[in-house]
Amino acid sequence: MTTKVKRILLVEDSEHDIELTLAALEAHNVANEVDTARDGAEALDYLYRRGAFAGRSNDLPVVVLLDLKMPRVDGLEVLRQIKADPELKKIPVVMLTSSREEQDLVRSYELGVNAYVVKPVNFTQFMDSVKQLGCFWAVINEPPPLPAQPA
């Protein structure tokens with residue numbers, strides 16, 4: 001029996017936040033793999049296996065950790081496209097952002113976000129928040145079966 005690879009997609013444009021998030025997830029062995037997209041356009045290419053991601057495996061992530069404010073395509077547009085797509089809409093999406101603006105929170109939930117987490121400024125709190133997010137979504141949560149992507 002083979003174990004399914006638990007993959008997290010981290011969509012973040014801040015190199016510093018990418019490093020911290022990866023360190024927190026790795027320190028707690030939360031997922032087999034964490035793939036990174038540095039903006040919304042890259043995230044959509046990843047999910048639809050286009051461009052630089054055309055050759056990636058068919059496995060979809062067990063969760064998408066999505067920043068809100070990014071260049072090219074913002075997090076709300078990525079979320080809108082994920083939740084509008086019958087093949088992707090079951091993937092849990094967690095908005096992991098520094099925005100405390102009520103309109104961002106409301107719009108995220110209107111578009112179907114599964115959780116909205118404001119990044120703590122404090123290093124220890126940030127690491128703990130990411131650990132808890134990763135543990136819940138990649139380990140504890142039982143996601144619905146996702147259809148295999150065509151080869």
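Whenever a residue of region 83-100 is over 12 Å from V64 (Cβ atoms), its partners that are among the β-branched types (V, I, T) and not in a loop (DSSP other than H, G, I, E, B), lying with C-beta atoms within less than 9 angstrom and at least six residues away or across chains, give the pairs T97/V117; T97/V118; S98/V118; S99/V118; R100/V118.
Filter region 33-59 for residues that are modelled with pLDDT of 90 or more and acidic (D, E); which is least open to solvent (accessible area, probe 1.4 Å)? Filtering region 33-59 for residues that are modelled with pLDDT of 90 or more and acidic (D, E), the one least open to solvent (accessible area, probe 1.4 Å) comes out as D39.
Please go through region 13-32 and pick out each residue that is touching a residue at least 24 places away in the same chain (Cβ under 8 Å), over 18 Å from I82 (Cβ atoms) and open to solvent by 50 Å² or more (accessible area, probe 1.4 Å).
Keep residues of region 13-32 that are touching a residue at least 24 places away in the same chain (Cβ under 8 Å), which gives 13-14, 17, 20-21, 23-25, 27-28, 30-32.
If we keep only those that are over 18 Å from I82 (Cβ atoms) too, we end up with 14, 17, 20-21, 23-25, 27-28, 30-32.
Across region 13-32, the qualifying residues are A27, H28, N32.
Selection of first residues in region 54-69 that are on the phi < 0 side of the Ramachandran plot and of second residues that are hydroxyl-bearing (S, T, Y) and surrounded by 14 or more Cβ atoms within 10 Å (Cβ to Cβ), restricted to Cβ pairs under 6 Å at least 6 apart or on distinct chains, gives the following pairs, ordered by first then second residue: D67/T97; L68/T97; L68/S99.
Table: residues versus (1) farther than 28 Å from F123 by Cβ; (2) under 10 Å from the mean Cα position of the chain (by Cα).
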residue: E19; (1), (2): no, no
residue: L44; (1), (2): yes, no
residue: R50; (1), (2): yes, no
residue: S57; (1), (2): yes, no
residue: P61; (1), (2): no, yes
residue: T97; (1), (2): no, no
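With respect to V63, determine if the residue is within 14 Å of L133 (Cα to Cα) and open to solvent by less than 20 Å² (accessible area, probe 1.4 Å). Here the answer is yes, as V63 does meet what is asked.
Could you check region 68-114 and list, in sequence order, the residues that are part of a helix (DSSP H, G or I) and open to solvent by 60 Å² or more (accessible area, probe 1.4 Å)?
Taking region 68-114 first, the residues part of a helix (DSSP H, G or I) are 75-84, 102-110.
R80, A84, E102, Q103, L105, V106, R107, Y109, E110 - these are the residues of region 68-114 that are part of a helix (DSSP H, G or I) and open to solvent by 60 Å² or more (accessible area, probe 1.4 Å).
Suppose we keep only residues that are touching a Ser or Thr at 6+ places or on another chain (Cβ under 9 Å) and not charged (D, E, K, R) within region 116-126. Which one would you say is farthest from R100 (Cα to Cα)? Step by step, filter region 116-126, then rank; the result is F126.
The values are calculated or read from the model by the stated rules, or taken from the named source; none is laboratory data. Note that the structure is predicted; figures quoted are calculated from it, not measured. Heads up, the Cβs are rebuilt from the backbone with ideal geometry, glycines too, and the neighbour counts pull from every protein chain shown. When the accessible area is computed, the model is the full protein with side chains, heavy atoms only, and any ligands, DNA or RNA have been set aside. Shrake-Rupley method; radii C 1.70, N 1.55, O 1.52, S 1.80 Å.
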